[in-house]
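Report on the structure given below.
The values are calculated or read from the model by the stated rules, or taken from the named source; none is laboratory data. This is a predicted model, so every value here is computed, not measured. We place every Cβ from the backbone using ideal geometry, glycine too, and count neighbours over all the protein chains shown. Note: areas computed on protein heavy atoms with side chains; ligands, DNA, RNA excluded. Shrake-Rupley method; radii C 1.70, N 1.55, O 1.52, S 1.80 Å.
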Amino acid sequence: MSALPTAQTQKSPTESYLHVLHALILRDMRTRFGASIWGYGVVVLWPCVHVFMLIAIYTFQKLAAPLGDSRPLFFATGAVPVLVFQYISREVMKSVIMNRPLTYYPQVKLFDLIFSRILVEIVTGFLALLVISSVLIVLGTNPIPADPLTAVCGYVAAIILGVGIGTINVAIIGFFPGWLIGYALFCIILYISSGVMFLPSYMPDKIYYWMKFNPAMQLAEWVRSAYYPYAGLHIDYMYVIMFGLTSAAIGLLLVKHVVSKIQS
C-alpha cells in the first residue's frame, strides 16, 4: 500500500498552531478550575458575587444611587467593565508565571501563553456579564442599555485595556517577580478611584480633571453613558483605546526582545 502524500500526513503551520493553542486553553482551564465544570462556574461567579455584595451593602444601608433610580444597575454598569479590565490584566500576568515551564517545548512560545489566557478570560468575562444581566432581570431591573452599541464598545475597550496592561505586567514581572503582589495592591487603589461606587463627574473640577487620566474610570463612565445618556458624561474614547493599544505594543515588544532573551 502506497504511502500517503505529505500534505495529508503533516499538519499545516496554522493547524499546528491552533492545536497548540487549544491544548494550552484546555490545560489552563483544567489546572485552574479542575476537571469539573463546577470549578469553572466558581470562577465565573466570583466577579458576580463582588458586584452583588456591593449592591447589597448599599441596599441595606438604604443609600440612593448617585444616578438613576436603580442601585443594582448603577453599580453593575460601573463595576463590570472595571472588573473585566482588572481580571484580564491580572490573569494574563499570572499565566506566564504559572505556565513558564511549557516554553521549554519548542512549539510553545511566550506569546502563546498570553494569547490563550486572554481567550479564556474573555469567555469568562462574557459569561459573568450574562449571569449579572440575568440576576438584574430577576431583581426587576432592565439590563438593556438605551444605547447598546456604546455599551458593547465600552466592554470591548475594557478588553483592549486589560490586554494592554496585562502584557505590560508580563514585561514587568520579567524583571521584578514581586510585581504580582504589587499589582494586586495597585488594583485596589485603581478600583476605588475608578468611580464604581460614586459618580466622578460630581467631584470638583480640579479633582475630576486628574481623575480622567485613569483609563479605568473612563471605562466605567463609558458604559454608564450607554445607560444614562441624559447624564452628560464626557469620555475621551480615543484616549482609552490608544492607552490599551500602546500598552499592548510596548509590552509585546519587551516580552519578545527583552524578557524572552534574559529568561532563556
What is the distance, in nm, between label points placed 7 Å from the Cα along the Cα-to-Cβ direction at M242 and at Y105? 4.1
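Gain in length, K206 to E15, computed as 0.36 nm per residue apart minus the alpha-carbon separation, to one decimal in nm?
Working: separation 191, 0.36 × 191 = 68.76 nm, distance 5.43 nm.
Additional length available on full extension: 63.3 nm.
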Going by alpha carbons, how many degrees (0 to 90, nearest 10) lie between the helix axis of 110-138 and the longest principal axis of the chain? 40
So if we plug the beta-carbon distance of I25 and N142 into 1/(1 + (r/R0)^6) with R0 = 51 Å, what FRET efficiency do we get, rounded to 0.05? 0.90
If the label point sits 7 Å along Cα→Cβ of I189, residues of the stretch 214-233 with amide N under 20 Å come out as 214-220
Once the Cα atoms of helix 71-99 and of the chain are each reduced to a long axis, what angle between those two axes, in degrees from 0 to 90 to the nearest 10, is obtained? 20
Roughly how many percent of the accessible protein surface of the chain is carbon and sulfur, given a 1.4 Å probe and a whole-percent answer? 73
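So with the 1.4 Å probe, I'd like the accessible area per residue for the chain, rounded to whole Å².
Using a 1.4 Å probe on heavy atoms only, each residue of the chain averages 54 Å².
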Obtain the nm distance between the two label points defined at F213 and D69 by a simple spin-label model: each point lies 7 Å from its Cα along the Cα-to-C-beta direction. 4.1
Any idea what angle helix 215-227 forms with the longest principal axis of the chain, computed on alpha-carbon atoms, 0 to 90 degrees, nearest 10? 60
Taking Cα pairs under 8 Å and at least six residues apart, what relative contact order does the chain come out at, in percent? 25
Probe 1.4 Å, all chains present, heavy atoms only: C153 accessible area in Å², nearest 10, is 60
Pair V152, H257: separation of 7 Å Cα→Cβ label points (nm): 3.7
Estimated vicinal HN-Hα couplings, Hz - the stretch 159-164 in sequence order (Karplus 6.51, -1.76, 1.60; Gly, Pro = x): 5, 4, 5, x, 5, x
Ordering Y228, Y105, Y87 by accessible area with a probe of 1.4 Å, largest first, what comes out? Y105, Y87, Y228
If the chain between F126 and A231 were fully extended at 0.36 nm per residue, the gain over the current Cα-Cα distance would be 35.2 nm
